[in-house]
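S.K.: To start, I am sharing the structure in question, which I have written as structure tokens.
Derivation of every value follows stated rules applied to the coordinates shown; laboratory data play no part. The structure presented is a predicted model; accordingly, all values stated were derived computationally and were not measured. Don't worry about glycine lacking a Cβ; one is built from the backbone with ideal geometry, like all the others, and counts go over all protein chains shown.
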Amino acid sequence: MEKQEQGSSASSTALQQAAGVMLLNAGKFLLIRRAAGDDNGGKWDFPGGGVEDGETPEQAAIRECKEEVGFDIKGPLSQVSRTDKFGADYTTYIANHDGDEDPVLSAEHDSFHWASIDEARSLPLHPGVAELLEIEFRSDAAHTSELDVALEIHDGKLESPQKYGNITLFDVRITGTGVSFRQAHNEFVLRKPELYLNDEFLMRCQGLPVILEHPEAASLNSEEFSDRIIGTTLLPYIKGSEVWGIVKIYDDAAAKIMSEHQTSTSPAVVFYDPAANEKMDLGDGKHLLIEGKPSLLDHLAVVEHGVWDKGGKPSGVKSGIVPVEMTATTRSDSADPNGSSKGEINMADLNPEEVAKKDAGGEGMGEILSLLKSLDSRMSKLELAETAELAGQASADEVPAKQPGEQIAQPALDNAQASPEIAAMSKRVDALEQGIKPMPEEEAAKMADAQAKADSVYSAFGESAPRPMMGESLLAYKKRLAGKMQVHSPRAKSVNIGAIADASVLEMVEATIYADALEVAGKPAAIPAGVLREVSRQDATGRKITEFQGDVSAWTAPFKAQTRYLHQINKQVH
């Protein structure tokens, strides 16, 4: 394990990858002692070292085992941990060794010992080995299930990701809350914390499918589910103003992408009730979409860049160490209808033959990894072009391709240097979030009174008065309520309600509109054909009296027998 500490440090943005193997034999495992004068000289650790170019961590562990102790590993390796705490991105594997021969040590080590867990704890161990034994093999909390591993990732005792049997466990963001900006729709969106940061929503996240990229439609169908599913959600939890969760990834190719590139996540929520969401006009061509409670939490997509990154770098997948950072921008041409942003890991961008393999259920997913490298230059040029387009500086043809090792500036909401539009957008988001605060009780009571007053009129037309929107003033709310009934008021039809600034004036106009509207609602002749209107009123004793006016057939139509036409009957006699 000497190589893991050379030429890298914990503060590096791309730590040296290293790997080692814990060899098991007859209930004990092999420890080798570092030679004096070496880093951590006199400390005991596992055979292991740095990952060389072209190697996987598993291949490096097998090679280092051969070089340092002379053993050829025949059986499969199982990953037991991955950490970045000791100067390298270090992956530890477990393998069985059935032989009885002694190891042949390299010059880097001067002794070996087959030790039990308890014996090992009494030795001067390398810090990484000591931590591994404490976390993975302590007697009071051995990993007997994937939930044990998930809980330790949640508690920060283990890094994300962790390999466990045939799955890889990742810590990911399921959704953010508050205000963000959907570039594809040129709109701000408010996701209310109280609808998501609660036990009910966490229960809805249990077993949530994790897929690679969003489908074209808003939600999954059988075919898309089969093509895109890579895992499920195991342990959802609340972290600050966001909902996170430990997910189980079964697809090895997807797990590799998530481990080696900084990806993000994007939830897909579906609203069956059209009235669940409301829009507030912000002027300058933009608006604020205020989401209600989603009818369905359909899936969680692994993408390159999600809306809930809030314009910053991808942050939805906690991948431990990211040796190669996947540069990213929000793709305005690939956002799903629910506002979630798709990533650039796009099957359509790959070689057609490889896409055909994937669609046929072959090994196409495994080929994505090598093909991603060839896409890097094209992706970099695209992201530069999009950044320049936001700033109004250049077209795609005027932007040079990224040179090797060159860092690409990310268009982030918190980066005022990225572009004037993004800086302005950042201020707008901040202002909106500042304005979204709990309403004082007195103001809330006045809002409720205004809604009840309007509802008595709206109900005469078989409708309900809309709720006040987040951040809306009492005056603006009363204008909106009266404005929707203004069409029924001959006396106030020409009044410009929006220009009224005096509350007393608005009350007079409001009273006129509501009185005229109630009069119109009470005339059956004013009700269009096919509409049956419910009208409620109170008599002198306070009793509620409900009457139905209009076309009775609107109520009986659903119960009428359907007209059927018999075209042909073919009888066959045998």
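S.K.: Spin-label point model (7 Å from Cα, Cβ direction): what's the residue 72 to residue 224 distance in nm?
M.R.: 5.0
S.K.: Restricting to Cα atoms and excluding each atom paired with itself, what does the Kirkwood estimate give for region 3-142 in Å? Provide the component values of the computation, followed by the final result.
M.R.: Numbers: mean 1/r = 0.0661 Å⁻¹.
This gives a value of 15.1 Å.
S.K.: Residue 295 versus residue 121, label points 7 Å from Cα toward the beta carbon: distance in nm?
M.R.: 5.6
S.K.: Just in region 461-492: which trypsin sites (Lys or Arg not before Pro) are loop by DSSP and have at most 13 other Cβ atoms within 10 Å?
M.R.: Values: sites: 478, 479, 480, 484, 491; in loops: 491.
Qualifying residues, ordered by number: 491.
S.K.: Residue 199 to residue 541: extension gain in nm, 0.36 nm per residue of separation minus the Cα-Cα distance? Numbers along the way, then the final one.
M.R.: Values: separation 342, 0.36 × 342 = 123.12 nm, distance 4.47 nm.
Result for the pair: 118.7 nm of gain on full extension.
S.K.: Oh, and also: Any of 28/157; 192/479; 43/163; 85/157 with alpha carbons more than 18 Å apart? Name them for me. The partial results should precede the final answer.
M.R.: On the way: 28/157 24 Å; 192/479 24 Å; 43/163 27 Å; 85/157 11 Å.
Among 28/157; 192/479; 43/163; 85/157, the Cα-Cα distance tops 18 Å for 28/157; 192/479; 43/163.
S.K.: With a 10 Å radius around each residue's Cβ, average the other Cβ atoms per peptide and rank 193-202, 457-466, highest first.
M.R.: 457-466, 193-202
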